[in-house]
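Report on one structure; see the data block that follows.
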Amino acid sequence: MITMRDRAQALEMKYTQEQTWLFRAEARRNKLIGLWAAETMGAQDPLGYATNLAEWGVEHPTDVQLIDRLRQDFTAANVVLNEDEITSRMHALLIEILDEMRS
């Protein structure tokens with residue numbers, strides 16, 4: 001018979017797995033958004049920029065922080081993009097990555 005403790009442990013394990021998947025998906029998303037941003041800005045080393053952005057994202061995990069960083073980088077590169085374009089691209093990439101991870 002399943003006890004409440006067993007059920008609680010199962011739910012905790014499921015939550016931990018979901019958070020791990022989300023962390024991995026967001027890290028992949030950050031690298032892909034970094035590649036897109038580097039290409040848009042005409043960066044000399046797109047992979048280096050994308051890797052740096054993904055690593056930076058570990059220390060700054062919120063989407064708001066990532067959007068602010070991208071806006072600053074775009075401004076420094078004299079590229080005009082509004083926040084909606086960045087947000088839309090980020091969400092589309094995350095959905096795509098999560099779909100890939102599920103299949």
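Given the chain, what whole percent of its Cα pairs are spread farther than 18 Å? If you can, show how the numbers build up before the last one.
On the way: 2789 of 5253 pairs.
It works out to 53 percent of all Cα pairs.
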Normalised by the residues of the chain, what does the relative contact order come to in percent, with Cα pairs under 8 Å and at least six apart? 29
Which value, in Å², gives the accessible area per residue of the range 8-103 when a 1.4 Å probe is used on the protein heavy atoms? 66
Roughly what would the spin-label model give for Asp6 and Ser103, points 7 Å off Cα along C-beta, in nm? 3.6
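Probe radius 1.4 Å, ligands and nucleic acids ignored: give me the carbon and sulfur share of the accessible area of the chain as a rounded percent.
On the way: 3970 of 7320 Å².
Taking all protein chains in place, the chain shows 54 percent carbon and sulfur surface.
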CD proxy at 222 nm, helix term only [per DSSP H run n ≥ 4: -39500 (n - 2.57); per residue of the chain; nearest 500]: -29000 deg cm²/dmol
Under a Cβ-Cβ cut-off of 13 Å, what is the net charge of the residues other than Leu93 that fall near it, where Lys and Arg count +1 and Asp and Glu count -1? -2
Around Glu12: net Lys/Arg minus Asp/Glu count, Cβ-Cβ under 12 Å: +1
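The values are calculated or read from the model by the stated rules, or taken from the named source; none is laboratory data. Just so it is clear, the structure is predicted and the values come from calculations on it, not from any experiment. Note that we place each Cβ from the backbone using ideal geometry, even for glycine, and neighbour counts take in every protein chain shown. Remember, those area values only see protein heavy atoms, side chains included, never the ligands or the DNA or RNA. Shrake-Rupley method; radii C 1.70, N 1.55, O 1.52, S 1.80 Å.
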